[in-house]
Amino acid sequence: MIGLLGYGVTTRSVASYLERESESYFWIMSHDEINSLDMKLYPNAATRKKVPADVNTLIISPGIPPSDPRLLDFPKDNIYTDIDFFMQRKINTKARWIAVTATNGKSTSVAKLTHILRKHQHDAVSVGNIGVSAFDHPQADIYVAELSSFQLYYMKCAHFDVGIIGEISPDHLDWHGDEGSYRESKHKLAKIARQCFIKPLSDENLMLALSAEVIGLSATLADLDDFRPLPYRLTPVYDASGWHIFNDSKSTNLSSCEYALNCFESEDCVYLICGGVLKEPITDKWVDSLNKGNIKPIFFGASSFLMWQRVRKGVMVEDVQQALSYIRQINLPGTVLFSPGCSSFDMFDNYIHRGEQFDLEVADVFE
């Protein structure tokens, strides 16, 4: 029997596939994880602390760590994420696969690669950590997969034609336990790709990867002239009366927040709104970025006190609405940068939900 653990986008796509194939499966999750009364729950699923004995294959949401009590006695070789399970089932053996991993810049790089491939008449689809499952596009010509360290950790069947490993900095240490394990998961891609490029995720290096023999595409930088950036990555949302407001909700780690701050280092006044759930220890480099004279930090969320304590500068507020209201009351126009540097799960469903809420609050406070 197949068990599904974690009610994420990918596991829901696997469930839809199993329904189409008329295969037996059950969701296995605790009471506080149950999202729908229509779910096919394993009997007494809400009270189970272990995977039932008659489950021989387990499909999990990648964010579930191996330390989860329900996985401790379950064979690791029988645990799959959706990409691994897709390949294990040999659903589309003719497709070619490009895989991208890094600490930052994965989603944008995957979107750029898919954009270029489509421009050259390929039926290319972005899948994986970007929020789409290959099970929803079983006939694609080329899959461009964004791979998190979580997905790579569990992979056993997956093999990729081209791998790209970008720059890696500490992240997800709460999940992996230490930086060495995190890096090991990332570099696993080099072992399961026919050809792997270990280079920064620059546009030039993306073109180089596309020119690999198995893809054989002669792309140029001009192919990106009409590329539209992904939402909530330094997206301008308001520009009036001296205020310039940017939504960088995609910033889920400190190095991403540092990058965003560096984009505005020449501005006289930058109100930085950051906070949420920290995924790694606070670095001196991030503290130095906030201690620059033009940066006025406002902290919110679960890690607000810890962040303020390290920086000893700025203010703490309850939520994004209060942060924007505080800035508006000061009434000294400048750049407002929403770059949380943390995961969103203390207050939001995900970074997209967080970004949507920020846009709404800006419209309410500033317009």
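The values are calculated or read from the model by the stated rules, or taken from the named source; none is laboratory data. Nothing here was measured: the structure is a model prediction, and the numbers come from that model. Neighbour counts run over all protein chains shown; Cβ positions are idealised from the backbone, glycine included.
Whenever a residue of segment 127-151 is part of a strand (DSSP E or B) and charged (D, E, K, R), its partners that are at pLDDT 95 or above and buried (at least 24 other Cβ atoms within 10 Å of the Cβ), lying with C-beta atoms within less than 6 angstrom and at least six residues away or across chains, give the pairs Glu146/Val100; Glu146/Val110. Only a single item in (1) over 22 Å from the mean Cα position of the chain (by Cα); (2) modelled with pLDDT under 95; (3) not aliphatic (A, V, I, L, M) is not met by Lys279, and it is number (1). When Glu280 is tested against (1) within 22 Å of Ser325 (Cβ to Cβ); (2) surrounded by 16 or more Cβ atoms within 10 Å (Cβ to Cβ); (3) acidic (Asp, Glu), only condition (1) is not met. Among the numbered conditions (1) in contact with a Lys or Arg (Cβ under 9 Å, 6 or more places away or on another chain); (2) in a loop (DSSP other than H, G, I, E, B); (3) at pLDDT below 85; (4) surrounded by 11 or more Cβ atoms within 10 Å (Cβ to Cβ), the only one that Lys49 does not meet is (4). Just one of the listed residues (Asn129, Asn92, Asn104) is closer than 30 Å to Thr220 by Cβ and in contact with a Pro (Cβ under 6 Å, 6 or more places away or on another chain), and it is Asn92. Scanning segment 199-226 for residues that are surrounded by 12 or more Cβ atoms within 10 Å (Cβ to Cβ), more than 20 Å from the chain's Cα centre (by Cα) and assigned to a loop (DSSP other than H, G, I, E, B) turns up Ser211, Ala212, Val214, Ile215, Leu217, Ala219. Using the structure shown, decide if Val144 is within 21 Å of Tyr351 (Cβ to Cβ), in contact with a strand residue (DSSP E or B) (Cβ under 9 Å, 6 or more places away or on another chain) and at pLDDT 95 or above. Here the answer is yes, as Val144 does meet what is asked. Tyr7 meets all of the listed conditions (1) more than 23 Å from the chain's Cα centre (by Cα); (2) at pLDDT below 80 but one, namely (1). Return yes when Ile83 is part of a helix (DSSP H, G or I), closer than 18 Å to Lys188 by Cα, in contact with a strand residue (DSSP E or B) (Cβ under 8 Å, 6 or more places away or on another chain) and modelled with pLDDT of 85 or more and no when it is not. Yes: the conditions hold for Ile83.
Residues in segment 326-367 that are within 28 Å of Ser255 (Cβ to Cβ) and of a type in the set (D, E, K, R) were compared, and the one that is farthest from the chain's Cα centre (by Cα) is Glu361. Return a yes/no flag: does segment 234-250 have any residue that is out of contact with any Phe, Trp or Tyr (no Cβ under 6 Å at 6 or more places or on another chain), modelled with pLDDT under 90 and surrounded by fewer than 22 Cβ atoms within 10 Å (Cβ to Cβ). No, every residue in segment 234-250 fails to be out of contact with any Phe, Trp or Tyr (no Cβ under 6 Å at 6 or more places or on another chain), modelled with pLDDT under 90 and surrounded by fewer than 22 Cβ atoms within 10 Å (Cβ to Cβ). Counted as qualifying within segment 266-367 are the helices (runs of 4 or more DSSP H) with 1 or more residues that are in contact (Cβ under 8 Å) with a residue 60 or more places away in the chain, namely 351-366.
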